[in-house]
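The values are calculated or read from the model by the stated rules, or taken from the named source; none is laboratory data. None of the values given here were measured: they were computed from a predicted structure. When we count neighbours, we look across all protein chains shown, and the Cβ atoms used for this are built from the backbone with ideal geometry, even at glycine. All accessible areas refer to the heavy atoms of the entire protein, side chains included, with ligands and DNA or RNA removed. Shrake-Rupley method; radii C 1.70, N 1.55, O 1.52, S 1.80 Å.
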Amino acid sequence: MKLQQIRYIVEIVDHNLNVSSTAESLYTSQPGISKQVRLLEDELGVQIFERSGKHLTKVTPAGVDIVRISRDILSRVESIKAVAGEHTHPEIGTLNIATTHTQARYALPHVIKYFTARYPKVSLHMHQGTPSQIADAVGNGTTDFAIATEALHLYQDMIMLPCYHWNRSIVVRTDHPLAKKADITIHDLAAYSLVTYVFGFTGRSELDSAFNRSGLTPRIVFTATDADVIKTYVRLGIGVGVIASMAMDPEVDSDLVEIDASHIFEASTTNIGFKKGTFLRAYMYDFMERFAPHLTRETVDQAVALKTNEEIEVMFASMDLPVR
């Protein structure tokens, strides 16, 4: 069994069983990859992939387990490289972050500005996606950190650390009836068409939950993943906006009226997570602490030593997390 063979089968799965595409990404030949996969299957005595002629059609049940373990092996290899890099060139490396548009646009800029100035030789890459895409990116090793609020059940195989609480604002045009109304309730919101996030993004589930708790159904007429797009459609009069409060800019959005909605919706919590077993470089610790000051190296190490995210939640329950 060779490390190269392990890498090949993982890459094949990540390329939707397209060996030709896999070969191109690895700068090698398709026959070479096919041969190595066959040799690995012969050595193990099981098929990793089912075939139809020369094409791979699906991963076998045994293959699912083999690929999962192979990912862990490759992750360990990267950790070994990271350990070596930490001792030989601590100021050089890469950091890949996966998150949503709202986090990338409103929560991270000051952190990125600091980080790139502090670590000019660290290559920083940011990837935006859905919660499932973010979880997959960390799970398959293409991303180091996930910054997420929604669908935390997707991150059970990761260490998830609470960073800060945040809530929502109601956004309307200056000529809207709600702009001058005091003490807005969820029943007031239910009377209007809403413009908000796509389900699964930026705490959208809490909006639906709040309406459900009140026995109401929100009249959502437009959804988007981008708060700036939502505000654009509020300006067009499509509906009342419900967005993360952090997404309002007093200067840029001076033509809109922002109404605090923290009395209507429960606060959401943004987490930063990484795969279990990840070797954390010094600059990775620094990034986390800059993003969430309570995540000191000592605190992160204490959390990593715990067995489950439930235990981590208990650990942070007594902490007074910042509110944004």
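Express in whole angstrom the spacing between the alpha-carbon centres of the range 128-152 and the range 2-66. Here the two parts' Cα centres lie 25 Å apart.
Given a 1.4 Å probe and the protein chains as shown, HIS187 ends up with an accessible area of around 110 Å².
Taking a quarter of the surface of the Cα convex hull of the range 124-241 gives a mean projected area of 8.8 nm². Here the accessible area of the range 134-264 is 52 percent carbon and sulfur, with a 1.4 angstrom probe and all protein chains present.
Counting lysine pairs in the chain that sit 8 or more residues apart in sequence, or on different chains, and whose Cα atoms lie under 19 Å apart gives 11.
Compute the signed sum of charges (Lys and Arg +1, Asp and Glu -1) over the other residues within less than 12 Å, Cβ to Cβ, of THR60.
Numbers: positive: ARG51, LYS58; negative: GLU41, GLU50, ASP65.
With Lys, Arg at +1 and Asp, Glu at -1, the net is -1.
Taking amide H positions as modeled 1.01 Å from N, with prolines and chain starts lacking one, the residues under 5 Å from ALA224 and 5 or more places away or on another chain are THR196, TYR197, VAL198.
Got a sec? What order do MET1, MET288 fall in by accessible area at 1.4 Å, biggest, i.e. largest, first? Please list the in-between numbers first.
Details: MET1 125, MET288 0 Å².
Of MET1, MET288, the descending order of accessible area is MET1, MET288.
Calculated accessible area for the chain comes out at 50 Å² per residue, all protein chains present (probe 1.4 Å; ligands, DNA, RNA ignored). Size descriptor for the chain, Kirkwood hydrodynamic radius: 22.3 Å (Cα pairs only, one decimal).
Take the Cβ atoms of ALA179 and ARG235, set R0 to 22 Å, and the FRET efficiency comes out at 0.95. In this simple spin-label model, placing a label point 7 Å from the Cα along the Cα-to-Cβ direction at both ALA62 and PHE199 gives a separation of 4.0 nm.
Taking Cα atoms only, the orientation of helix 61-88 departs from the longest principal axis of the chain by about 80 degrees. Our coupling estimate for the range 250-265, obtained by passing each phi through the Karplus curve with A = 6.51, B = -1.76, C = 1.60 and θ = phi - 60°, is x, 7, 5, 9, 5, 7, 10, 9, 9, 10, 4, 10, 5, 7, 9, 10 Hz, Gly and Pro reported as x.
Rg to Rh ratio, the range 207-264, alpha-carbon atoms and Kirkwood radius? Write down the numbers at each step before the final one.
Details: Rg = 12.2 Å, Rh = 12.6 Å.
Computed over Cα atoms, the ratio is 0.97.
Ordering TYR233, TYR114 from largest to smallest accessible area (1.4 angstrom probe), what's the sequence? Please report the intermediate quantities before stating the final value.
Details: TYR233 75, TYR114 55 Å².
If we order TYR233, TYR114 from most to least accessible, we get TYR233, TYR114.
Remark: the range 273-281, residue by residue, has Karplus-estimated 3J(HN,Hα) of x, 8, 5, 4, x, 5, 7, 8, 6 Hz, where x stands for each Gly or Pro and the curve is 6.51 cos²θ - 1.76 cosθ + 1.60 at θ = phi - 60°.
If the chain linking TYR285 and LEU124 were pulled fully straight, counting 0.36 nm for each residue of separation and taking away their Cα-Cα distance, it would gain 56.5 nm.
When ARG235, ARG71, ARG297 are compared by accessible area at a 1.4 angstrom probe, the order from most to least is ARG297, ARG235, ARG71. Surface calculation, 1.4 Å probe, protein heavy atoms: LYS231 sits at approximately 10 Å² accessible. In this simple spin-label approximation, ILE69 and ASP157 carry label points 7 Å from Cα along the Cα→Cβ vector, and these lie 1.4 nm apart.
Between LYS81 and PHE222, full extension at 0.36 nm per residue minus the direct alpha carbon distance yields a gain of 46.1 nm.
Please work out whether the range 173-254 counts as rounded, prolate or oblate from its C-alpha gyration tensor, where a ≥ b ≥ c are the square roots of the eigenvalues and a/c under 1.5 means rounded, while otherwise a/b larger than b/c means prolate and anything else oblate? Could the numbers behind the result be given before it?
Working: a/c = 1.67, a/b = 1.16, b/c = 1.44.
Note, shape of the range 173-254 comes out oblate.
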